[in-house]
Amino acid sequence: MELESVKRRFGIIGNNTLLNHSLETALRVSPTDLSVFVTGESGVGKETIPQIIHQNSHRKHNKYIAVNCGAIPEGTMDSELFGHVKGSFTGAHAERKGYFEEADGGTLFLDEIAEMPLSTQVKLLRLLESGEFIKVGSSKILKTDVRIVAATNVNVLQAIDKGKFREDLYYRLNTVPIVLPPLRDRKEDIELLFRKFAQDFAEKYRMPVVRLEPEASEVLLRYNWPGNVRQLKNITEQISILETSRRITRETLISYLPDFSQSKLPVLARTEGAILPDEKEVLYQVIKEMRKELDQFKAIIQAGFSTSDEGSGKLVTPEDEIRTTYTPGAQLPLARTNYEADPRQYGEAEVVEESLSLQDKEKELIKKALEKHRGKRKYAASDLGISERTLYRKIKEYDL
Ligand SMILES: Nc1ncnc2c1ncn2[C@@H]1O[C@H](COP(=O)(O)OP(=O)(O)OP(=O)(O)O)[C@@H](O)[C@H]1O
Ligand SMILES: [Mg+2]
């Protein structure tokens, strides 16, 4: 497959040489069964690499399973990966297949591999070398044919030094290393990504596209993007939702960039009542949630209208109704007009009022998301628009 068509198919934006090189390597090794080790900072886009590899291999008609080793409790890791036999531990009411067996003939993506306990690492090494494994509680040797792609954002060599990662496993996994570059080393892609994300969110939230003023574009290039593409994407979404003006100034953009205002621009350090980037993230979650509720409300009204208007052939658009009912919120993303009218329309007073209970709101949102996904943090995090790691941190912070 050609590089460009891979990018199109997997929604990868960018033209940076390092990125292209990584993608080409992924394509070249796809037809083989070699293990691939994907590294790179958090948020650089590691998760599409195993998918590209699987889809371009002879295994594509078999299963692709992605396992986040960081999200599985240590105690159940072996059972999840290798399966268990009935009665092997309390609660093991029936025999269970592990991911290695499920993915037989296919590809297994072991994400956040550095989080794997040492005892499991030994078993994984054995499996990589011989294809053999044993279910928890069994003594029978089983075989499986799985292609492994692993990924991590931690410095593996350091983990080896600290005795947290086995060196032999590292060399075995690292047959083909793929390193994804951080965003700050892909300057030429930053604006491209911003424009694409701005376009996508404009479509998603049905509103005009946000655009950066030239001085704001410079800031985008000067910032060091510790959260990489994920951070750029989140910020673009926050700006799209929170800002009433569609022309983003340098100052506005800076107010969304955590370390920029503190380290490089002392003049813009916190003034009384200003919103910190962290608070913005929360505020944005609250507004996102409000939008969801409004959408539900809309759906209810729509349902009501369509039953009462059944057969009349009249096109029902209850939006005007909503706009008058929900004056403050509706000035925000829901309304398709008034964007350029008055940037401060969505005024300070409201913001201050919100921020009083932002923590509670955040906690509530997190709880709701976790309940909705029955505790599955990956999905809850993606619903909330935050990284899994941030979610872990918040769960701990709020003792949820
Ligand atoms: N080149 C790109 N083009 C478009 N979107 C991208 C690109 N790279 C990353 N993204 C997006 O950025 C987000 C983060 O990417 P991903 O989840 O793959 O990060 P990661 O490298 O696995 O980070 P972590 O180590 O924190 O898990 C995703 O929403 C992904 O779609
Ligand atoms: Mg990841």
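Quick note: the coordinates plus some simple rules give every number you see, no bench work behind them. Note that the structure is predicted; figures quoted are calculated from it, not measured. Quick reminder, even Gly has a Cβ in these numbers, built from the backbone with ideal geometry, and neighbours come from all protein chains shown.
Karplus-based coupling profile of the range 35-42, in residue order and whole Hz: 6, 10, 10, 9, 10, x, 4, 4, with θ = phi - 60° in 6.51 cos²θ - 1.76 cosθ + 1.60 and x standing for Gly or Pro.
Rounded to whole numbers, the Karplus 3J(HN,Hα) couplings from phi for the range 111-122 are 8, 6, 4, 5, 7, 6, x, 4, 5, 6, 4, 4 Hz, using 6.51 cos²θ - 1.76 cosθ + 1.60 with θ = phi - 60°, and x at Gly and Pro.
Between residue 5 and residue 32, the FRET efficiency estimated from the beta carbon spacing at R0 = 22 angstrom works out to 0.60.
Greater than 24 Å separation of Cα atoms is the criterion. Which listed pairs, 162/187; 63/123; 97/123; 280/367; 288/372; 196/368, meet it? Each step should come with its number before you reach the end.
Values: 162/187 34 Å; 63/123 21 Å; 97/123 16 Å; 280/367 19 Å; 288/372 16 Å; 196/368 30 Å.
Check vs 24 Å cut-off fails for 162/187; 196/368.
Annotation for residue 164 and residue 138: the two label points, set 7 Å from Cα along the Cα-Cβ direction, are 3.2 nm apart. Across the range 79-90, rounded Karplus estimates of 3J(HN,Hα) from the backbone phi angles (6.51 cos²θ - 1.76 cosθ + 1.60, θ = phi - 60°) give 5, 5, 7, 9, x, 8, 9, 4, x, 6, 7, 4 Hz, Gly and Pro being marked x. Alpha carbon centre of the range 60-94 versus the range 204-232: separation in Å? Spelled out, the Cα-based centre of one part sits 40 Å from the other.
Ranking request for peptides 244-253, 128-137: highest mean number of other beta-carbon atoms within 10 Å first, then the rest in descending order.
In descending order of packing, they fall as 244-253, 128-137.
For the cross-link pairs 86/378; 7/46; 46/292; 140/164, which exceed 25 Å when the distance is taken from alpha carbon to alpha carbon? 86/378; 46/292; 140/164, as the Cα separations exceed 25 Å there.
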